[in-house]
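The values are calculated or read from the model by the stated rules, or taken from the named source; none is laboratory data. Since we're looking at a predicted model, the values are computed, not measured. Glycine also receives a Cβ, built like all others from the backbone with ideal geometry; neighbour counts cover every protein chain displayed.
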Amino acid sequence: MNLSLPVKPTSEPVVPSATALRAGKRRRIGGRPKGQALMEFAIVVVILAVLVMGLADYGRLFVTRQMMVVASREGANLAARGTTLSNAVAAMVATAPAMLFTNGYGTIIASSVTRNNGGTPTVSGQVRFGATNYASRIGTLNATGNAVTLPSTQLPATNQTLYITEVYYPFAMVTPVGNLLNLLRGRGTNAPTTSLLYDVSFF
């Protein structure tokens, strides 16, 4: 009787080498449609461009705000130390960067508010430099009583004078980010991209 014995395999199973696996992976990656790669590249470029332009505009915004704060504090401080309002405003214009006031963009309103014996505040003095279309948020010259807006009803003390400098600046974005933001807000690309900045100091 003839019996058949199981035949042992003559060799081990073939395992793909690491080199072969890497080559196959490269073939799969390289097999992506060229249009898909171009679209991904375009999306990345647009995102990077928006980020760079946004950083440029908001960097300018931060610097402008800082210059306004410094200018308003300097003017109010000078007036409180005995400098006339006119000279305090002139000093603000002379010492601030040209882009803030000299070029005609920024506006300064320096005011003095005095409280009489009866406790009524009155705008006793006011000097303006720059555009005339911005009204003082403190009050007009000779305004009195409720027409004067102050941060506290205790300021200034009776028979004392409070000096205030207000600074306005129309900040305009120089990159298309402003138009993009208007578009996202539903305002359309023709909407203005200028924001009115305001700072005030009291001494």
- prompt: Out of Ala91, Ala98, Ala110, Ala143, which single residue is within 22 Å of the chain's Cα centre (by Cα) and among the aliphatic types (A, V, I, L, M)?
  reply: Ala98
task: Would you confirm whether any residue within the range 131-148 is touching a Phe, Trp or Tyr at 6+ places or on another chain (Cβ under 6 Å), within 21 Å of Asp199 (Cβ to Cβ) and of a type in the set (Ser, Thr, Tyr)?
output: yes
query: Of the residues Pro156, Pro151, which single one is surrounded by fewer than 16 Cβ atoms within 10 Å (Cβ to Cβ) and either part of a loop (DSSP other than H, G, I, E, B) or touching a Ser or Thr at 6+ places or on another chain (Cβ under 8 Å) (or both)?
result: Pro151
- prompt: So which of Val167, Val177 ends up being hydrophobic (A, V, I, L, M, F, W, C), at pLDDT below 90 and either in contact with a His (Cβ under 7 Å, 6 or more places away or on another chain) or surrounded by 17 or more Cβ atoms within 10 Å (Cβ to Cβ) (or both)?
  reply: Val177
- prompt: Does any residue of the range 59-69 turn out to be touching a residue at least 40 places away in the same chain (Cβ under 8 Å) and within 26 Å of Ala143 (Cα to Cα)?
  reply: yes
field: Filter result for Ala143 (free of Cβ contacts under 8 Å to residues at least 24 places away in the same chain and surrounded by 14 or more Cβ atoms within 10 Å (Cβ to Cβ))
entry: yes
message: Considering only the range 79-93, I want to know if a residue exists there that is outside any loop (DSSP other than H, G, I, E, B) and exposed (fewer than 13 other Cβ atoms within 10 Å of the Cβ).
response: no
